[in-house]
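Participant: Okay, here's the structure, questions in a sec.
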């Protein structure tokens with residue numbers, strides 16, 4: 001009787017794959033839902049007067065020493081304690097930024113006034129000047145109590161504040177908070193009396209008589225002279241700083257003694273030749289400005305009880321020329337012109353749309369083929385190819401498996417595309433690869449590949465830890481097993497944006513839904529095509545040896561690519577949530593491995609050690625899950641010591657306006673192509689020297705976590721995923737380079753500057 005061929009179980013349990021596939025589908029939308037939960041916790045959690053972020057501590061405070069008395073005025077305020085290096089903005093933020101906004105919900109009989117803004121500091125950032133605050137600052141607000149105010153039955157007035165602020169260092173982050181404060185009606189509230197006293201001393205003194213602003217009209221530009229009287233006699237002869245309250249009147253970055261002159265004419269302070277902004281509108285009747293002592297002299301004046309700033313409303317004499325529409329980059333101007341021309345030619349879009357659709361379909365097909373070469377896909381495909389050897393001469397089983405795998409791949413791409421399109425239609429700023437922007441999805445994938453690696457290494461068989469009915473599901477449903485392998489391949493491969501995919505997917509997202517899904521389907525067809533051909537053309541796999549002991553060795557060897565994928569996923573999580581989160585995930589994976597090992601034992605050992613492993617995993621998970629969900633601390637250019645600055649659209653625009661070229665690397669830690677290009681091209685000495693010689697500012701837009709601003713920038717460039725490389729040269733349209741970047745391509749683009 002012939003011996004039975006050696007055929008170890010190399011297929012993964014269908015039950016296990018079903019579990020992880022459903023889990024991934026459930027978690028795919030976490031970048032959106034998790035953010036919503038955070039907002040709900042902030043706004044609907046326990047009422048608090050304090051909001052703490054990694055950059056600032058914000059507190060709602062009050063000054064009511066006599067309680068809430070009818071007909072009197074009390075003070076509320078938002079106190080901001082900035083971390084070193086961070087700042088928020090004055091009522092006029094300057095060249096960039098936004099002022100802090102306070103929205104009050106007060107009991108009947110209380111009405112809040114405007115913020116009594118303390119005098120700011122000038123904050124110079126490169127070629128820009130902003131006006132704002134660092135360290136600790138209190139923004140006080142007067143609250144008028146009506147004469148017929150009735151005290152609530154509780155004896156306390158409940159104060160609600162919704163505040164939003166923009167906080168910046170090199171990068172800028174919009175933040176907000178919900179605050180609640182119980183203010184006793186009869187009792188005294190004066191805990192922060194010193195803070196309110198200091199805030200009042202920082203207020204500019206209102207001057208009684210109006211100053212004068214005289215417009216100097218010139219052929220090339222307009223300037224203005226300012227005269228302010230009624231200033232204290234002790235100021236005469238001292239230099240002062242000027243802070244306009246209107247954002248679009250003066251050039252904020254203009255420097256005294258260089259761009260304009262100041263002097264004293266007796267008791268009147270005179271500023272001559274102040275340059276007007278390129279964004280100025282029509283000439284107003286009055287201009288409100290604040291003049292202040294230089295920062296170095298303020299502490300001395302405050303210690304002596306003297307004011308440090310004065311506010312004047314200037315009568316404007318003369319008319320300046322209102323600026324034409326400015327601030328539009330040449331690239332945007334070209335795009336607007338192209339849109340206007342397209343609107344004027346209604347017959348062109350149909351043919352262009354058809355040709356673009358075919359180009360997108362071809363790009364998706366080729367991109368799907370290239371996805372099979374990505375390292376993150378190789379472990380899954382290797383196991384499927386090994387299945388050909390397991391089938392031997394059973395061509396029907398091979399073909400059914402190939403079709404099932406193709407169905408899993410194509411349907412998964414269609415499902416991801418439909419989810420992306422529906423979320424974008426609902427207003428979410430998302431792009432291709434959005435599932436790996438969620439730390440939860442990354443952690444689940446790391447757990448999945450750890451389990452698969454342990455199974456391939458021979459530590460356990462699914463039959464030893466699952467009920468026999470589930471464990472034998474694969475044997476009864478090999479087609480389902482192949483289908484789920486396709487789902488798994490797409491889950492891990494889709495973020496690896498390959499050549500030709502960027503433009504195709506960027507175009508597809510703006511197409512009608514049916515056409516867009518066709519492009520996503522073409523992407524799935526391209527990825528599944530090699531495996532389907534191998535299943536239907538026996539000659540392709542004849543090089544595989546007959547089933548035998550080598551399959552067991554190959555199975556064990558495939559555990560190492562699985563573990564390598566886990567290393568990559570942990571690295572991605574470290575970029576998303578920090579090194580502590582990466583360590584927490586490793587601890588969870590260790591507990592998971594211990595649990596799987598314990599469940600493979602027999603007798604009392606399984607019960608005792610399994611229980612211990614479950615308790616260990618629960619204890620680690622209690623501390624690890626919040627760490628995994630938390631965002632990583634930002635790192636500035638100075639801290640990292642790198643040449644690359646964090647990207648922002650405003651910085652790109654300001655640098656271009658200053659005549660400096662900019663190169664932007666749109667990247668993500670989970671993008672394998674991005675990391676390859678970084679090491680082979682962008683970090684090469686030849687390319688870096690070329691950037692330095694041409695004074696190109698390097699910027700990196702990190703899309704590892706969801707960032708609506710980066711998503712919008714990619715959309716404006718006609719892309720939906722990373723990598724994307726853009727060279728901005730002053731006076732020229734942006735140049736978008738290819739996804740698989742080469743030194744010659746970068747150097748050639750730089751030659752055109």
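Participant: If the requirement is being in contact with a helix residue (DSSP H, G or I) (Cβ under 9 Å, 6 or more places away or on another chain), surrounded by 22 or more Cβ atoms within 10 Å (Cβ to Cβ) and at pLDDT 70 or above, which of these qualifies: 503, 508, 516, 522?
Facilitator: Exactly one residue qualifies, and that residue is 522.
Participant: Can you pull out the residues in the stretch 219-275 that are in a loop (DSSP other than H, G, I, E, B), over 46 Å from the mean Cα position of the chain (by Cα) and surrounded by fewer than 18 Cβ atoms within 10 Å (Cβ to Cβ)?
Facilitator: Of everything in the stretch 219-275, those that are in a loop (DSSP other than H, G, I, E, B), over 46 Å from the mean Cα position of the chain (by Cα) and surrounded by fewer than 18 Cβ atoms within 10 Å (Cβ to Cβ) turn out to be 229, 230, 232, 236, 237, 266, 267.
Participant: Same structure again: (1) closer than 14 Å to residue 234 by Cα; (2) within 41 Å of the chain's Cα centre (by Cα): which one isn't true of residue 278, the others all being true?
Facilitator: The single condition residue 278 does not satisfy is (1).
Participant: Tell me whether the stretch 126-145 contains one or more residues that are out of contact with any strand residue (DSSP E or B) (no Cβ under 8 Å at 6 or more places or on another chain), touching a residue at least 12 places away in the same chain (Cβ under 8 Å) and either farther than 30 Å from residue 708 by Cβ or not assigned by TED's automatic domain parsing to the domain that holds residue 655 (or both).
Facilitator: Checked against the condition, which is being out of contact with any strand residue (DSSP E or B) (no Cβ under 8 Å at 6 or more places or on another chain), touching a residue at least 12 places away in the same chain (Cβ under 8 Å) and either farther than 30 Å from residue 708 by Cβ or not assigned by TED's automatic domain parsing to the domain that holds residue 655 (or both), the stretch 126-145 yields at least one hit.
Participant: I'd like to verify a number: residues in the stretch 67-89 that are surrounded by 17 or more Cβ atoms within 10 Å (Cβ to Cβ) and under 24 Å from the mean Cα position of the chain (by Cα), how many?
Facilitator: Number satisfying all stated conditions: 6.
Participant: Please enumerate the residues belonging to the stretch 734-753 that are in contact (Cβ under 8 Å) with a residue 12 or more places away in the chain, out of contact with any strand residue (DSSP E or B) (no Cβ under 9 Å at 6 or more places or on another chain) and within 24 Å of residue 363 (Cα to Cα).
Facilitator: Matches in the stretch 734-753: 740, 742, 743.
Participant: Which is modelled with pLDDT of 85 or more and more than 30 Å from residue 55 (Cβ to Cβ), of 182, 150?
Facilitator: 150
Participant: Select from the stretch 639-683 the residues that are part of a loop (DSSP other than H, G, I, E, B) and surrounded by 14 or more Cβ atoms within 10 Å (Cβ to Cβ) and list them in ascending order.
Facilitator: 643, 644, 647, 648, 660, 661, 668, 669, 670, 671
Participant: What tally of residues in the stretch 100-122 results from selecting those that are free of Cβ contacts under 8 Å to residues at least 40 places away in the same chain and under 30 Å from the mean Cα position of the chain (by Cα)?
Facilitator: Residues meeting the conditions: 0.
Participant: Continuing with this model, one more query. Against the conditions (1) farther than 25 Å from residue 648 by Cβ; (2) in a strand (DSSP E or B), where does residue 81 fall short? Just the number, please.
Facilitator: Condition not satisfied by residue 81: (1).
Participant: Please pick out the residue among 299, 278, 259 that is touching a strand residue (DSSP E or B) at 6+ places or on another chain (Cβ under 7 Å) and under 25 Å from residue 123 (Cβ atoms).
Facilitator: The conditions single out 259.
Participant: Being assigned to a loop (DSSP other than H, G, I, E, B) and surrounded by fewer than 20 Cβ atoms within 10 Å (Cβ to Cβ) is the filter here; which residues of the stretch 707-735 pass it?
Facilitator: Hits for the stretch 707-735 are 707, 717, 718, 730, 731, 732, 733.
Participant: Now for a separate question. When you look at residue 194, is it under 44 Å from the mean Cα position of the chain (by Cα) and either part of a helix (DSSP H, G or I) or without any contact (Cβ under 8 Å) to a residue 12 or more places away in the chain (or both), yes or no?
Facilitator: Here the answer is yes, as residue 194 does meet what is asked.
Participant: Which of the residues spanning the stretch 102-135 are surrounded by fewer than 20 Cβ atoms within 10 Å (Cβ to Cβ) and part of a loop (DSSP other than H, G, I, E, B)?
Facilitator: If the condition is that a residue be surrounded by fewer than 20 Cβ atoms within 10 Å (Cβ to Cβ) and part of a loop (DSSP other than H, G, I, E, B), then 106, 107, 108, 109, 113, 114, 115, 116, 126, 127, 134, 135 are the ones that fit.
The values are calculated or read from the model by the stated rules, or taken from the named source; none is laboratory data. Source: prediction; values computed, not measured. Please note: Cβ atoms are built from the backbone with ideal geometry, for glycine as well, and neighbour counts cover all protein chains shown.
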